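Report on one structure; see the data block that follows.
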Amino acid sequence: MDNFNNLIDMDDYTVSQWNEIISLAEKIKANPMEYSEKCRGKIMATLFYEPSTRTQMSFQAAMIRLGGNIIGFDNPNNSSVAKGESLKDTVKIVSSYSDILVMRHSQEGSAKAAALCADCHIINAGDGGHLHPTQTLTDLLTLKTELGRLDNLTVGLCGDLKYGRTTHSLVKALSSFPNNRFVLISTPSLALPSYIKDVIRAHGSNFTEVDTIDETIKDLDMLYMTRIQRERFASSEEYERQKDVYCLTKAKMQYARPDMIVMHPLPRVNEIEVAVDDDPRAAYFRQANNGMYVRMALILFTLTEKPKIRPLLIGEIHNNVCCTNPKCVTQTEKYLPHSFINRGDILICEYCDERILL
């Protein structure tokens, strides 16, 4: 049973709780000194198995600004992971030193796997190409700040929608608000996964799929650009074919509405022309700044909200069935129970959401 407030997926909190966190972030942003001692005596561990600038540093800055302390690593080669230590053993030890543990990992489902053995709260800072819920909270705060609402939006998502964990979490979240519509801009090989499209349909939202920015930019309230991620591709050749397909230029921005905003989880490579930075509609640097405030709010919420006792795994154990996703955490962490949600003739892995036909 889970007796901690974990944020593995946005589904772990209700929409009203998302709004509560966003409202708290707005209060902190308006008066940060009022919260400067709220985490005095608390310790946050940051375990970053993958490189990060904004997510790692904004979490660390958030805890420091709340008066707390931080431990952890930003390179697994400088820890016992390099000696072959399992994820379970690393998390078990570090969580015993901490009040809250923030983890980024290359394997999908790793955050849920960590929560199964942790002795403190777990926050998912990105699990492979799967999910990135704290970036989504940052995005929601940015939309609320920039546009004043989280509903009745036409949102364009462009680039790597297959491996882009930020887009997966954002689509799942925005589908929960009324009358949001999605325009999915990608090549066929980088299209949004079917399980995320199913979430959109389940909430009664609409989406369309297009090939270019040009044909849709005039209709958007927000354009969410993403990097084509070299680290997610199986081969360098496939990456080279995709990397320069989409680029937002100053010329294309002329066709956008005066009140449209451009967001990007960053880092940027070449998908947004530097000249766009001077456009007041470019919100991505303001978005990154919002990340620190929303993570301050999330830390406070996680540590103070009364936890709901619930099982982390709710499916059926099929230890004779292996997830077919080569990036699933169960591929390397062999001790994990193989837990699946049964949907008729389909099994859905509870760690990475991969679907397996029976």
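The values are calculated or read from the model by the stated rules, or taken from the named source; none is laboratory data. Please read all numbers here as calculations on a predicted model, not as lab measurements. Please note: Cβ atoms are built from the backbone with ideal geometry, for glycine as well, and neighbour counts cover all protein chains shown. Side chains included, ligands, DNA and RNA excluded: accessible areas come from the protein's heavy atoms. Shrake-Rupley method; radii C 1.70, N 1.55, O 1.52, S 1.80 Å.
Here is the figure for the range 243-281: residues that are farther than 18 Å from T142 by Cα, part of a loop (DSSP other than H, G, I, E, B) and in contact with a His (Cβ under 8 Å, 6 or more places away or on another chain) total 1.
Total residues in the range 304-358 satisfying the condition of being over 24 Å from the mean Cα position of the chain (by Cα) and among the small types (G, A, S): the figure is 1. The residue of the range 273-307 that is nearest to S98 (Cα to Cα), among those that are without any contact (Cβ under 8 Å) to a residue 40 or more places away in the chain and open to solvent by 50 Å² or more (accessible area, probe 1.4 Å), is T304.
Yes or no: V329 over 30 Å from P32 (Cβ atoms), open to solvent by less than 30 Å² (accessible area, probe 1.4 Å), in contact (Cβ under 8 Å) with a residue 40 or more places away in the chain and not polar (S, T, N, Q)? Spelling it out, V329 is indeed over 30 Å from P32 (Cβ atoms), open to solvent by less than 30 Å² (accessible area, probe 1.4 Å), in contact (Cβ under 8 Å) with a residue 40 or more places away in the chain and not polar (S, T, N, Q). Restricting the range 147-179 to residues that are among the polar types (S, T, N, Q) and buried (at least 23 other Cβ atoms within 10 Å of the Cβ) leaves a set whose member that is farthest from A283 (Cα to Cα) is S169. When you look at T142, is it among the β-branched types (V, I, T), out of contact with any strand residue (DSSP E or B) (no Cβ under 7 Å at 6 or more places or on another chain) and either under 18 Å from A283 (Cβ atoms) or open to solvent by less than 10 Å² (accessible area, probe 1.4 Å) (or both), yes or no? In short, no. State whether the residues of the range 78-99 include one that is of a type outside the set (A, V, I, L, M, F, W, C), assigned to a helix (DSSP H, G or I), open to solvent by less than 50 Å² (accessible area, probe 1.4 Å) and in contact with a Phe, Trp or Tyr (Cβ under 9 Å, 6 or more places away or on another chain). No. Of everything listed in (1) surrounded by 20 or more Cβ atoms within 10 Å (Cβ to Cβ); (2) in contact with a Phe, Trp or Tyr (Cβ under 6 Å, 6 or more places away or on another chain), the single unmet condition for E350 is (2).
Every listed requirement among (1) open to solvent by 20 Å² or more (accessible area, probe 1.4 Å); (2) part of a strand (DSSP E or B) is met by A125 save one, (1). Among residues of the range 91-110 that are on the phi < 0 side of the Ramachandran plot, those with a beta-carbon under 7 Å from a residue that is open to solvent by 20 Å² or more (accessible area, probe 1.4 Å) and among the basic types (K, R) at least six positions away or on a different chain give the pairs D99/K42; Q107/K327; E108/K327. Restricting the range 210-230 to residues that are out of contact with any helix residue (DSSP H, G or I) (no Cβ under 9 Å at 6 or more places or on another chain) and in contact (Cβ under 8 Å) with a residue 12 or more places away in the chain leaves a set whose member that is nearest to Y246 (Cα to Cα) is T212. For the range 173-194, a residue qualifies if it is under 25 Å from N19 (Cβ atoms), out of contact with any Pro (no Cβ under 9 Å at 6 or more places or on another chain) and in a helix (DSSP H, G or I), and exactly one does: L174. If you go through the range 147-204 and keep only what is basic (K, R) and within 20 Å of D353 (Cβ to Cβ), you end up with K162, R165, K172, K197, R201.
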